[in-house]
Structure formats: C-alpha cells, structure tokens
C-alpha cells in the first residue's frame, strides 16, 4: 500500500486527517474549522463520513456505516472515498 495512503488511513483512524479544516486550524493554515462543504459542523475525519455533502459517496463505499473503526478496515474503499472527496491525491505511488 502506498505510504501516502497508509498515512491517510492512520490519520483518519485517530480523527486527525491533515487535509480537514479542523486540522488546518490547529496548524494555523485555516481560520475556521467548519466544514466548507456543508457549513454545519467542524470538518473532522469523522465528520467526512456523515457530512450531508458526501452522503452518497460514503454510502457507496461503506453502506450505512459511519464508524471510523469499521470503515478504516476496508483500505481500498477508504482510499477511493478519500480520493473522491479530494482528501487523498490520485497520484499516489505503488510503494
């Protein structure tokens, strides 16, 4: 599995995905932690699974599950999900 994908999966499991607004606020790269897609909640890794903007993508990849622990076990679906949201590059290597 590519290193970038491994890192994203780990970050998702610990709810610290570096591409989310909440994390960007922590490192002073963004002023607002609110999800830019729905505007309703803080954009965290966990929020991505339940965000109304990504509901169709989430259901397509994981069914009704919004539990990070369960979702993170399906690596291929998780990588596809993160790519479809723009939170993982489509140009990851095959390391």
### Query
Between residue 50 and residue 7, what length comes free when the chain is fully extended (0.36 nm per residue of separation minus the Cα-Cα distance, one decimal in nm)?
13.4 nm
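How much mean residue ellipticity at 222 nm does the chain get from its helices, if each DSSP H run of length 4 or more adds -39500 (n - 2.57) and you divide by all residues, to the nearest 500 deg cm²/dmol? Show your work: numbers first, answer last.
Working: 6 runs with 46 residues, N = 95.
It comes out at -12500 deg cm²/dmol, rounded to the nearest 500.
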### Message
Expected output is a single nm value to one decimal: the length gained when fully extending between residue 65 and residue 24, i.e. 0.36 nm times separation in residues minus the C-alpha distance. What is it?
### Response
12.2 nm
### Message
Largest first and in whole Å, what are the equivalent-ellipsoid semi-axes of the chain based on the Cα gyration tensor, each being the root of 5 times an eigenvalue?
### Response
20, 17, 11
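None of the figures in this text is laboratory data; all of them are computed from the coordinates on show. This is a predicted model, so every value here is computed, not measured.
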